[in-house]
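This report refers to the structure that appears directly beneath it.
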Amino acid sequence: MARALLELLKKTFAGAVLESWSQHGDETAVIEPSRWHDVAAFLKTSSESDMSMLTDLTAVDFPDRNPRFEVVAHFYSLSKGHRVRLKARIGDPAGEHVHIPSLSDLWGSANWLERECWDMFGVVFVGHPDLRRILLYPEFVGHPLRKDYPADRIQPLVEYRDVPAIDKVAPFHHDEGMSFGRQTFDHIGSADGDDPELFPGQKAN
Amino acid sequence: MEPIDQDLYEHEIDLPAEPMLLNVGPAHPAMHGTVRCVMELTGESIVKVDVQVGYLHRGFEKMCERGTWTQVYPYVDRCNYISPMLNNVAFSLACEKMLGIEVPERCQWYRMALGELARMSDHLTCDGAMAMELGAFTPFLWMIKAREMIWDIMEEETGARLTHSFGRVGGMAFPPTAGFKETSRATVDQILKVVEEVERLLLGNRIFLDRLEGVGIVSPEDAISLGWTGPCLRASGVPYDIRKSHPYLKYGEVEFDVPVGQTGDCFDRFMVRIEELKQSARIILQCLERMADSGPVNVDDPRVTLPDKKDVYSTIEGTIRHFKIVMEGLKIPAGEVYSYTEAGNGELGFYLVSDGSGTPYRVRIRPPCFLITSGLERVITGQMIADVVPCFGSLNMIGGECDR
Amino acid sequence: MPTFKLDDREIPFEPGDTIIRAARRSGIDIPHYCWHPGLTVAANCRMCLVEILPPPGRPALSLAVLSYDSKTGEYVDQKKPKLQPACQMAVAEGMEVKSESSEHVDRARSSVQELLLLNHPVDCPICDQAGECRLQDYWLEHQHKSKRMKDEPVHKPKGVVFGPTIVYDAERCIACTRCIRFCDEVAKDPVLTLRERGNLNEIAVAPGRQLDNAYTLMTEYVCPVGALTASDFRFKARVWFLRSARTVCQGCSTGCNAFLDYDPRTSTAYRYRPRENMAVNKYWMCDEGMLDYRRVHDGRVLRAAIDGEASTVGVALDRAVKLLGGVAPDGLAVILSAQHSNEDNFAFAKVARDVLGASKFFVGGRPPGEGDQVLREADKNPNTRGATSFAGPAPGSMKDFGDAIAGGKITAVFALGSELRELEASVLGRLGSAVVLATHEGPLAERAAVLLPTSSFAESDGTFVNSKGMAQDSEQALGPLGDSRPAWKLAAALAARLGRDFGWRKLADVQKAMGPDGGVAAERGSAQAGAAS
């Protein structure tokens, strides 16, 4: 039944549906980012689809692709029992221009889901009422689920907020603790890194 | 000096009035796990609240990208850590959906039985904690005692009480023990008795009912819009249970009912869980009856299942198979899947993206109680402070799942 | 372009190609053990068997076989097509080949794999090839079943020392003869042969000889299983912990393309592997070059030193500035290094010329060694042409440098690298103040007034120009070891402290300053990764 939905989408939004396919029993459609809100609104309001729930909204980072990020949203219809996955590809390989319209005016669940997506990937949801970090603290630097964020990066120490004279213990140095891991070891300095010993005034890498 | 007994009308007095900011901080006995609610109050009622989660964020989704598919199990265990078996089974089903394999029947019944036991443990904890926070300590201890019995079974089957990492792609880590069926039947019996006693204790209590009924009402439209699923959604009157609507494993072949509430208040959420305990018991007994006593538990596919240790040590093929699965990870063909099951709190979804190698490319855990907690604002605003406790308790926010 | 069909895909081929070579050109891998693109065809492993459909109008070449029907428990007559080895079969226009899509080929591959593993020892936990072993990969892909043999496997000698660099394990050997063909055809030293027959096959070294030619490590490299192992790498590291950087071998001016395998957790380089580049080294590297990776760690200068006393880089830089600032440009000798990349030499030379006003340039490096007709050059420096091109119109040789010192014309030395070619170190006895940026210990480094630790080629990207004039890029593998910094960075820091800040903070800045041709008349070589079979 969701396949019929894909056909309906392709008919109604001929230019906006860039690709569509079925795999493992899931139906997916790739949408032009500028039409993201229109397509989602149609899915919610049209009687054939009646997508009452936005069950999940997240992103995936493909650093070798351009556009780099894929925003993935899953919809479910309580009345009809069908699901569909919508994707939109945004952002350039440097990680800039990562924005897409927000769905928070259509579904309440979009509010926190989009905040988490912003937090983890840096995707800006245009029109979101309150786009700030949700799972991480506000002083966090970077967007951790991006592939170029190494899992063992040490964050800068946050200035302790307005409570005087409390000692903070330094976090683990990168060569202490568990060293085994499969992928990222990017704490090892690059030849290009900042070097205050050679160029006083630069910050340490 | 003015006479004390002179009537003072409030509007005649110029009292300083500004909203009071109350911080129900992350370290608070009623904030299950760690959640910070910054509330703006006038008098006792809450005008605005900012729910801040994330204190238990451990970066699971990033960590999953650093290991193999089998190494994800410890992470998903620690999501909803009160019912970890449901998380294990959900992840196994997601990987198997991508691989296109189906586990043997014996394993399906086994997974269902363990999963429902975990669900019972989840509901016992939630309702027990709710009762305790309202002052009823005794039912809490009784329900924890019941939960201990479930955890004893888990320890016997898996080796660990709580975070057992027992699921595997293509089956389970070990087959059921010899005494599993007997112990489970006896335990389920005991638990039902405990639930009965708790009901007798609580449901006639005026204070308990007053504090829960009519408090924290969520309309079905609100709940659906917020993406609520599970007991909280069903309490608001929407009869959506994935086990009935989109049956997986053998849920289509067992008989059970789905309790649905009427008003969507805290009492309904409490009662839905109590009733679900009884339904879970029914399911478990049916599963135990239908589960074969012998036969394979893991699918016999050399791509996913580890070989017997004696083969590993004596034949080159066993060694190679073991080596490839463990060192490189089982290779799931490139693609993506969204797989969903009914976990303790609702629709636990896994959106997995594979690039064809043994390392997951993206593991997205769709946490049911993240969305439920996002509704906390709507539930509390307008209520009084004292209502925060039952409201929050009835939502069953598990920090591990909300924050991952 | 003529094409043929492989699994219903049109694949172009060049006349004279075999099926497997044409498929490889298009990026399709037909499983094989004994074939290697750089060696002649042996066709003894039978893993690359494919089904070739008969031309239209001709009957298929088929064999009568007995196959076991498990339902009836009887052997029944069946016909199956005769499969051909893809490594030997020449491609013709319009040929139709079935590889993955044919069930006969599937069964053939499964049987070959079963046969190869029949007597194979359960060595994976201790075998160096684990993780890059074809038996493992093909077993999972093509056979994934247990073998049917219940007998004790054949036992053969293990740990046989073939020579100073290679150890042989006969039980793991699948007798593909790649090593024999390599020694015969590429190293031109037919020292290996196959002895005994059937399942007692073993590789043997010619009597009275050892496997000691200049390319022995290539036999280990072509061996698809763990039968031949390099004693240098044996039991040192597990390959799945290693990452590869695409570098250029620093052993001589051939500039063979290589993969430097290093462990990022400990920042240690473990070995080289050749990288395919048909224009430079084809598929091979020599022993000297393969073992040259040790220079990433051995004999390194990792701490700054002032007059032999250990110091920090910042303090040493200040001291260098003081020394060089007060030197007369006429008496300053600048030594560039044929061991360093273009970027290092360019930055160094520019600072020397523009900031210090020097005009006496010399090019240092390792002394020449043995060359041959196969791969090795006598010039044992990777970037002689590059360094020389930055040394100005009339660079002096090391002999001139020696003469100049003897004649007292040199009062100070500003040197990159500490090698002096054939010059005797004793000549340096009457040296004035020397500021040396060195990666390794050497005669200049010992006598330096200020010694600055420099990063080797593995710790920074760089470009090296080989003897044929090709400029090749080398990728960074490790972070700078110890206190060392890349030479271009140290030069930039010196210049900044001397009042001329060129603004070089990243390698890209230096490369931009070098200009589009890098200031060197060189043909841009390719550093794209070429995975060899």
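The values are calculated or read from the model by the stated rules, or taken from the named source; none is laboratory data. Computed from a prediction, not measured in an experiment: that's the story for all the values here. No Cβ is skipped: glycine too gets one built from the backbone with ideal geometry, and neighbour counts run over all protein chains shown.
Residues being among the basic types (Lys, Arg) and in contact with a Leu (Cβ under 9 Å, 6 or more places away or on another chain): count how many of those fall in segment B:49-77.
1
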All but one of (1) in contact (Cβ under 8 Å) with a residue 12 or more places away in the chain; (2) assigned to a loop (DSSP other than H, G, I, E, B) hold for residue C:78; state the number of the condition that does not hold.
(2)
Kindly indicate the residue of segment B:55-100 that is closer than 24 Å to residue A:25 by Cβ and of a type in the set (S, T, N, Q) and also farthest from the other protein chains (Cβ to nearest Cβ) among those meeting that condition.
B:88
Exclusive hit being away from every other protein chain (no Cβ under 14 Å), in contact (Cβ under 8 Å) with a residue 12 or more places away in the chain and in a strand (DSSP E or B), set C:464, C:401
C:464
Is it the case, given these coordinates, that residue B:118 is surrounded by fewer than 23 Cβ atoms within 10 Å (Cβ to Cβ) and either touching a helix residue (DSSP H, G or I) at 6+ places or on another chain (Cβ under 7 Å) or away from chain A (no Cβ under 14 Å) (or both)?
no
Quick one: is residue B:284 in a helix (DSSP H, G or I), modelled with pLDDT of 90 or more, surrounded by 24 or more Cβ atoms within 10 Å (Cβ to Cβ) and not aromatic (Phe, Trp, Tyr)?
yes
For the condition away from chain C (no Cβ under 14 Å) and of a type in the set (Val, Ile, Thr), what is the one hit in B:325, B:320, B:332, B:284?
B:284
Hits in segment A:29-42 (condition: more than 14 Å from chain B (Cβ to nearest Cβ) and part of a helix (DSSP H, G or I)):
A:33, A:34, A:35, A:36, A:37, A:38, A:39, A:42
Subset of segment C:105-125 [within 11 Å of another protein chain (Cβ to nearest Cβ) and more than 21 Å from residue C:201 (Cβ to Cβ)]:
C:124, C:125
Would you mind finding the one in C:291, C:260 that is outside the structural domain of residue C:472 (by TED's automatic domain parsing) and either crowded, with 23+ Cβ neighbours inside 10 Å or in a strand (DSSP E or B) (or both)?
C:260
The one condition residue B:360 fails out of (1) facing another protein chain (nearest Cβ under 8 Å); (2) touching a residue at least 60 places away in the same chain (Cβ under 8 Å) is (1)
Residue selected from segment C:97-148 under the condition more than 15 Å from residue C:49 (Cα to Cα) and free of Cβ contacts under 8 Å to residues at least 24 places away in the same chain, by the criterion farthest from the chain's Cα centre (by Cα)
C:146
Could you tell me whether segment C:205-216 includes any residue that is within 24 Å of residue C:31 (Cβ to Cβ) and outside the structural domain of residue C:119 (by TED's automatic domain parsing)?
no
Looking for something of a type in the set (A, V, I, L, M, F, W, C), in contact with a strand residue (DSSP E or B) (Cβ under 6 Å, 6 or more places away or on another chain) and closer than 30 Å to residue C:287 by Cβ - is there at least one such residue anywhere in segment C:347-362?
no
Conditions (1) surrounded by 20 or more Cβ atoms within 10 Å (Cβ to Cβ); (2) closer than 16 Å to residue C:29 by Cβ; (3) facing another protein chain (nearest Cβ under 9 Å): number failed by residue C:137:
(1)
Quickly run through segment C:334-390 and pick out the residues that are among the hydrophobic types (A, V, I, L, M, F, W, C), assigned to a loop (DSSP other than H, G, I, E, B) and closer than 30 Å to residue A:192 by Cβ.
C:338, C:356, C:358, C:390
Residue C:229 fails exactly one of the following numbered conditions: (1) part of a strand (DSSP E or B); (2) in contact with a Ser or Thr (Cβ under 8 Å, 6 or more places away or on another chain); (3) surrounded by fewer than 24 Cβ atoms within 10 Å (Cβ to Cβ). What is the number of that condition?
(2)
Here are the criteria: (1) surrounded by fewer than 24 Cβ atoms within 10 Å (Cβ to Cβ); (2) touching a Gly at 6+ places or on another chain (Cβ under 9 Å). Tell me which single one residue C:344 does not satisfy.
(1)
Specify which of the listed residues (B:160, B:131) is assigned to a loop (DSSP other than H, G, I, E, B), over 30 Å from residue B:355 (Cα atoms) and of a type in the set (A, V, I, L, M, F, W, C).
B:160
Contact list please: Cβ distance under 9 Å, first residue in segment B:237-253 and in contact (Cβ under 8 Å) with a residue 24 or more places away in the chain and within 14 Å of chain A (Cβ to nearest Cβ), second residue part of a loop (DSSP other than H, G, I, E, B) and among the aromatic types (Phe, Trp, Tyr), pairs at least six apart or on different chains.
B:242/B:248; B:243/B:256
State which residue is nearest to residue A:53 (Cα to Cα) when the search covers only segment A:89-130 and only residues that are in a helix (DSSP H, G or I) and more than 10 Å from chain B (Cβ to nearest Cβ).
A:114
Given the condition more than 14 Å from chain A (Cβ to nearest Cβ), in a loop (DSSP other than H, G, I, E, B), free of Cβ contacts under 8 Å to residues at least 40 places away in the same chain and surrounded by fewer than 16 Cβ atoms within 10 Å (Cβ to Cβ), answer yes or no: does some residue in segment B:257-272 qualify?
yes
If you take the residues of segment B:287-317 that are within 13 Å of chain C (Cβ to nearest Cβ), among the acidic types (Asp, Glu) and within 32 Å of the chain's Cα centre (by Cα), which of them is farthest from residue B:352 (Cα to Cα)?
B:300
Would you mind finding the one in B:124, B:192 that is crowded, with 21+ Cβ neighbours inside 10 Å and either in contact with a Phe, Trp or Tyr (Cβ under 9 Å, 6 or more places away or on another chain) or assigned to a helix (DSSP H, G or I) (or both)?
B:124
Scan segment A:9-28 for residues that are buried (at least 19 other Cβ atoms within 10 Å of the Cβ) and within 13 Å of another protein chain (Cβ to nearest Cβ) and report the count.
3
Given (1) farther than 25 Å from residue B:187 by Cβ; (2) assigned to a helix (DSSP H, G or I), residue B:68 misses just (2)
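This table checks each residue for (1) over 25 Å from residue A:191 (Cβ atoms); (2) among the hydrophobic types (A, V, I, L, M, F, W, C); (3) within 14 Å of chain A (Cβ to nearest Cβ).
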{"position": "C:286", "(1), (2), (3)": "yes, yes, no"}
{"position": "C:309", "(1), (2), (3)": "yes, no, no"}
{"position": "C:312", "(1), (2), (3)": "no, no, yes"}
{"position": "C:316", "(1), (2), (3)": "no, yes, yes"}
{"position": "C:344", "(1), (2), (3)": "no, no, yes"}
{"position": "C:347", "(1), (2), (3)": "no, yes, yes"}
{"position": "C:368", "(1), (2), (3)": "yes, no, no"}
{"position": "C:377", "(1), (2), (3)": "yes, no, no"}
{"position": "C:387", "(1), (2), (3)": "no, yes, no"}
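Across segment C:472-487, which residue is nearest to the other protein chains (Cβ to nearest Cβ) among those that are surrounded by 24 or more Cβ atoms within 10 Å (Cβ to Cβ) and not in a loop (DSSP other than H, G, I, E, B)?
C:485
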